[in-house]
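The values are calculated or read from the model by the stated rules, or taken from the named source; none is laboratory data. Computed from a predicted structure; not experimentally measured. We place every Cβ from the backbone using ideal geometry, glycine too, and count neighbours over all the protein chains shown. Only protein heavy atoms, including side chains, enter the accessible area calculation; ligands, DNA and RNA are left aside. Shrake-Rupley method; radii C 1.70, N 1.55, O 1.52, S 1.80 Å.
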Amino acid sequence: VLYHVGDREKASALLAVCRKHAGVNGSIIVFVNYKERVPWVAALLAKNGIPAQGLSSLLRQERRNKIISGFKKGQFRALVATDVASRGLDVDDISLVVNYHLPEEAATYVHRIGRTARAGKHGIAVAICSSEDAYNQMRVEEFLGHKVPVEWLNENEIPKDIRIDRKSTR
């Protein structure tokens, strides 16, 4: 499923999507394209009631292993990661994968969404698409050979009072 949003609504849409599709207990992986954005998105989730940790190549391998282990043990609900950091990531029972940014490489989209609904289990894959993702959306859909189904968030699903650090990198 793909949600079209304005650039300024992306953070609110992420929170709405997580609440709508993962409920209160589901595990979430959020993919971003840039390692510099990982801490900001993880903090956004954590400040708004979704315990999260970030995983990127900016971290030492020992720290990355610790974060992956904590996620597998359920110590926090959401893992925010870049593709490089998530390579070889084997975590079961992911109920929601969110593409906060659509990947530049179309095949990467398939790898990302394959992190959910593994081994016959159910899961949901969502893309939050703003103007910065338009070209990547075209690449992904061309690669897939079809359009990604579009849904719209209801106004009452979008949080109005989110906690956000506007100084950080989005």
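If you stretched the chain out fully between ALA134 and LYS47, how much longer would it get, using 0.36 nm times the residue separation minus the C-alpha to C-alpha distance?
Gain on stretching ALA134 to LYS47: 28.5 nm.
Using DSSP to call loops (not H, G, I, E or B), can you name the GluC sites (Glu not before Pro) in segment 93-145 whose Cβ has at most 16 other Cβ atoms within 10 angstrom?
Of the GluC sites (Glu not before Pro), the ones in loops of segment 93-145 whose Cβ has at most 16 other Cβ atoms within 10 Å are GLU104, GLU105.
Only loop residues by DSSP count here, and only those with at most 11 other Cβ atoms within 10 Å; note down the trypsin sites (Lys or Arg not before Pro) in segment 23-132 that meet that.
ARG60, LYS73, ARG87, LYS121
Roughly speaking, what is the stretch gain from LYS73 to ILE162, that is 0.36 nm per residue apart minus the C-alpha to C-alpha distance, in nm to one decimal?
29.3 nm
Report Rg(Cα)/(2.2 N^0.38 Å) for segment 33-109, keeping two decimals.
My calculation over the Cα atoms of segment 33-109 gives 1.04.
Which values of log₁₀ I(q)/I(0), to two decimal places, follow from the Debye formula for the chain at q = 0.12 Å⁻¹ with a uniform point scatterer at every Cα?
-0.48
Report the residue, chosen from GLN75, GLN53, GLN137, that carries the largest GNM mean-square fluctuation when the chain is represented by alpha-carbon nodes joined by springs under 10 Å.
So, out of GLN75, GLN53, GLN137, the one fluctuating most is GLN75.
Taking H as built 1.01 Å from N, whose amide H comes closer than 5 Å to the amide H of VAL5, not counting residues under 5 places away?
Hits under the 5 Å cutoff: CYS129, SER130.
What do you get for chymotrypsin sites (Phe, Trp or Tyr not before Pro) in segment 1-99 restricted to DSSP loop and a cutoff of at most 14 other Cβ within 10 Å of the site's Cβ?
Filter output for segment 1-99: TYR34.
Carbon and sulfur atoms: what percent of the 1.4 Å accessible area of segment 19-123 do they account for?
Taking all protein chains in place, segment 19-123 shows 48 percent carbon and sulfur surface.
Could you give the spread of the C-alpha atoms of segment 1-65 along their three principal axes, from largest to smallest, in whole angstroms?
That gives 35, 27, 23 Å along the principal axes, largest extent first.
Per residue, what accessible area does the chain have, given a 1.4 Å probe and all protein chains present, in Å²?
Per-residue value: 54 Å².
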